[in-house]
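The values are calculated or read from the model by the stated rules, or taken from the named source; none is laboratory data. Treat the numbers as computed from the prediction; the structure is a model and nothing was measured. Here Cβ is always computed from backbone atoms with ideal geometry, including for glycine, and neighbour counts include all displayed protein chains.
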Ligand code: PRP
Ligand code: MG
Ligand code: MN
């Protein structure tokens, strides 16, 4: 049984779209000499972001996916990143862009970046839509970040809370409604 909660809008769909367009422009410029950019989405959270981002990237692109999971249905990271599905393609000697929805403790991205770098890509950069720097436990930073956000539990635009709310078109924050607000009285 799930605690009751509501979702308050934090970043509108319009604001996300504008930021995605700007990020794609920067990525296009940074990789302008590539013969092909391998865009790697980390499942499942990045599926919405990668879909919007690749359509704004003006380069020859290959799309691949890797599934890493550390949270499962929990609100706390297990700190153990499991690779549930590996890439279909080879990345040795290739230009690679890893696309992630959110960097929180950093365990997921750190693990994936180390794994992919061990395969000898020509160049590997990371684009993350959201970053919660105050939560970092492993030192890692994306090359490009969409929005830095405070330590709130966020959902939508691909991001889940116990596998729900991924289909929300904006980014919202979860507010539990069974906890009475402290009025200071
Ligand atoms: C979430 C999120 C990031 C990761 C960030 O994935 O999508 O991949 O956690 O947290 P971290 O920086 O603390 O590692 P999750 O493990 O919930 O899998 P999902 O993408 O399938 O939802
Ligand atoms: Mg994820
Ligand atoms: Mn998740």
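Computed quantities for the displayed model
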item: Pairs where the first residue, in segment 92-112, is farther than 20 Å from residue 20 by Cα and the second is within 11 Å of ligand 2 (Cβ to nearest atom) and assigned to a loop (DSSP other than H, G, I, E, B), C-beta under 7 Å, 6+ apart; result: 105/77; 107/70; 107/77; 107/81; 108/70; 108/81; 111/81
item: Some residue of segment 140-155 being over 27 Å from residue 96 (Cβ atoms) and crowded, with 17+ Cβ neighbours inside 10 Å; result: yes
item: Members of segment 157-185 that are away from ligand 2 (no atom under 14 Å from the Cβ) and outside any loop (DSSP other than H, G, I, E, B); result: 164, 171, 172, 173, 174, 175, 176
item: Some residue of segment 133-150 being more than 18 Å from residue 8 (Cα to Cα), part of a strand (DSSP E or B), in contact (Cβ under 8 Å) with a residue 24 or more places away in the chain and touching a helix residue (DSSP H, G or I) at 6+ places or on another chain (Cβ under 8 Å); result: yes
item: Extreme residue, farthest from residue 156 (Cα to Cα), among residues of segment 33-69 that are within 16 Å of ligand 2 (Cβ to nearest atom) and without any contact (Cβ under 8 Å) to a residue 40 or more places away in the chain; result: 64
item: Identity of the residue in segment 32-56, assigned to a loop (DSSP other than H, G, I, E, B) and surrounded by 20 or more Cβ atoms within 10 Å (Cβ to Cβ), that ends up nearest to ligand 1 (Cβ to nearest atom); result: 45
item: Residue 105 modelled with pLDDT under 95 and either more than 16 Å from ligand 3 (Cβ to nearest atom) or within 17 Å of residue 132 (Cβ to Cβ) (or both); result: no
item: Residue match in segment 11-25 (condition: within 16 Å of ligand 2 (Cβ to nearest atom), buried (at least 19 other Cβ atoms within 10 Å of the Cβ), modelled with pLDDT of 95 or more and under 28 Å from residue 115 (Cβ atoms)); result: no
item: Within segment 57-99, tally of residues that are surrounded by 15 or more Cβ atoms within 10 Å (Cβ to Cβ), away from ligand 1 (no atom under 11 Å from the Cβ) and not in a strand (DSSP E or B); result: 5
item: Candidates 138, 112 - the one that is on the phi < 0 side of the Ramachandran plot, in contact with a strand residue (DSSP E or B) (Cβ under 7 Å, 6 or more places away or on another chain) and modelled with pLDDT of 95 or more; result: 112
item: Selection within segment 101-117 - in a helix (DSSP H, G or I) and buried (at least 22 other Cβ atoms within 10 Å of the Cβ); result: 108, 109
